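> Before anything else, here's the structure in question.
Read-outs: derived from the displayed coordinates by stated rules, not from any lab. It should be emphasised that the depicted structure is a prediction, and the values quoted were computed from it without experimental measurement. Please note: Cβ atoms are built from the backbone with ideal geometry, for glycine as well, and neighbour counts cover all protein chains shown.
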Amino acid sequence: MIRRSASVVLAAMMALGAAPVARADVPAPVAPGYVVPEFSAQAVDGSTRHVTFPKGSATVLLFFLSSCPTCHKMLPEWNRAYQRRPKNVNVVGVLLDRAPAAFFEAYPVAFPVVQSPSRELLQSFKVSRTPTTLRVGAGGKVENHGVGILDPITLGQYFRP
């Protein structure tokens, strides 16, 4: 019975356009007002990137898997939103798995991407499905959270000034 329920949940998540990252017993996603931590992570180019949430700006975090077909559909939308963003909106992609060698040639990204530094980070951000889009304001306060495919109008709300 439990296995059947898990299969039903997984099928529903896939139908809604979100791939699971962890088991179904993880906490509910972050909600507006929740505070997330600053972090440092290795960028896919090998450099270290410090992700902070300074006053007077917003940061959009894009959590994705290289193995997630739904994430592949969001990458062009995220690229367009990134290219149109106001100067006070920072954007960082967080790759949750190890991308195959030619991934970024097949799926180019316009925004900076870091490797997820730890399982603890995912737990602090409560990421349980991908793609996940988070808008974080000053001090790490979550302003908006979305999972799965977001239409361009909704996505524009994440990238607003």
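> Placing unit charges on C-beta atoms (Lys and Arg positive, Asp and Glu negative, everything else neutral), compute the dipole magnitude of segment 40-161 about its Cα centre in debye, rounded to 20.
Magnitude of the dipole: close to 360 debye.
> In terms of the Cα gyration tensor, with a ≥ b ≥ c the square roots of its eigenvalues, is segment 96-136 rounded because a/c is under 1.5, prolate because a/b exceeds b/c, or oblate? Mind dumping the intermediate values first?
Working: a/c = 2.30, a/b = 1.66, b/c = 1.39.
It comes out prolate by the Cα gyration axes.
> Taking θ = phi - 60°, what integer Hz values does the Karplus form 6.51 cos²θ - 1.76 cosθ + 1.60 yield along segment 155-160, in sequence order, with x for Gly and Pro?
Karplus-based 3J(HN,Hα) across segment 155-160 equals 4, x, 5, 6, 9, 5 Hz.
> Continuing with this model, one more query. Label segment 22-118 by shape, choosing from rounded, prolate and oblate, from the square roots a ≥ b ≥ c of the eigenvalues of the Cα gyration tensor; if a/c is under 1.5 it is rounded, and otherwise prolate applies when a/b is larger than b/c, oblate when it is not.
Rounded.
> OK, next. May I ask you to list the lysines whose Cα is less than 25 Å away from that of residue 55, ignoring any residue fewer than eight positions away on the same chain?
Within reach: 87, 126, 141.
> If you don't mind, another one. Please say if segment 59-161 is rounded, prolate or oblate, where rounded means a/c under 1.5 for a ≥ b ≥ c the square roots of the C-alpha gyration tensor eigenvalues, and otherwise the choice is prolate for a/b larger than b/c and oblate otherwise?
Since a/c reaches 1.5 but b/c is at least a/b, the shape of segment 59-161 is classed as oblate.
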